[in-house]
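This report concerns only the one structure given below.
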Amino acid sequence: MNTEVAGLGFGHFITQSDVVGKTLLVILIAMSVASWAIIAVKGVSLLTRRSRSASFLNFFWNATSLDAVAAEIGTHGARDPFSHLTSHAMHAQAHHAKYGAAKLEETGTSSEFVTRTIKKVLDEETTRLENGLAMLATVGATAPFVGLFGTVWGVYHALVAIGMSGAGTLDKVAGPVGEALIMTGLGLAVAIPAVMGYNWLTRANRVMAAKLDAFAYELHTFVSMGHALGHGAAPESSAANVRAMSARPAAA
């Protein structure tokens, strides 16, 4: 009996599993690899985006005019959501001033066209931030049930084998049933990191989106005015408000 107990474990469970059990194991492994890959890629992208956004905002609020901002973007490119939004807003204003309402999407005043452009870019940035999160949510929601199904399938076959052998003692039942519970543990091990990663990325994206919305409002004002940021009392007051907002640390 000791030899039989010593032979039980994960390796023995995999060896004795049928096609369904091994398929479920492969699915869980694939889910785990996919979720960790998404967390790693999105995490690195998030940290890079934060660093570049902070650098651009610091330059933006210390620039003397939008021309200086345009020159900076032209030199280094739009590498973060804030510079991307700024680039498109300034291009939309310049395009409408030069060509007017040449197409249906350009109808209305220059301010209205810039507003629609800003909204479009905000939607694009939101979509980009949320890419991959649906996969994490799916893994977090379904992995425990995949593991549970593997456990139920393993227990069923273990009990059938025990019934056919006619040996219903505790040591004959507990071993195979205990092995079947491995699948439930694997399902939880796959789901927990996916759920934690999803919550972390969702919170970070929500903070980034809120800052983008606040910046978009002030950007529209500056682009519509079309002169140096320091001119006029209203822009100075608005800029100070956004400086204070962007300086606040994002919630963890």
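Regarding Trp61, is this residue more than 20 Å from Thr127 (Cβ to Cβ) and either within 22 Å of the chain's Cα centre (by Cα) or outside any helix (DSSP H, G or I) (or both)? So that I can check it myself, show each step before the final result.
Working: more than 20 Å from Thr127 (Cβ to Cβ): yes; either within 22 Å of the chain's Cα centre (by Cα) or outside any helix (DSSP H, G or I) (or both): no.
Answer is no for this residue.
Determine which single condition Phe59 fails, assuming it passes every other condition in (1) of a type in the set (Phe, Trp, Tyr); (2) in contact (Cβ under 8 Å) with a residue 40 or more places away in the chain; (3) surrounded by fewer than 21 Cβ atoms within 10 Å (Cβ to Cβ).
Tallying (1) of a type in the set (Phe, Trp, Tyr); (2) in contact (Cβ under 8 Å) with a residue 40 or more places away in the chain; (3) surrounded by fewer than 21 Cβ atoms within 10 Å (Cβ to Cβ), Phe59 fails exactly one: (2).
Under 6 Å by Cβ, and 6 or more places apart or on different chains, what pairs join a residue from the stretch 72-86 that is in contact (Cβ under 8 Å) with a residue 12 or more places away in the chain with one that is not in a helix (DSSP H, G or I)?
Partner pairs satisfying both residue conditions: His84/Ala78.
Taking the condition of being touching a residue at least 60 places away in the same chain (Cβ under 8 Å) and over 15 Å from Glu130 (Cα atoms), how many residues in the stretch 191-210 meet it?
Matching residues across the stretch 191-210 total 1.
Computed from the coordinates by the stated procedures, all read-outs in this text should not be read as laboratory data. The shown structure was predicted, so the numbers you read here are calculated from the model rather than taken from an experiment. When we count neighbours, we look across all protein chains shown, and the Cβ atoms used for this are built from the backbone with ideal geometry, even at glycine.
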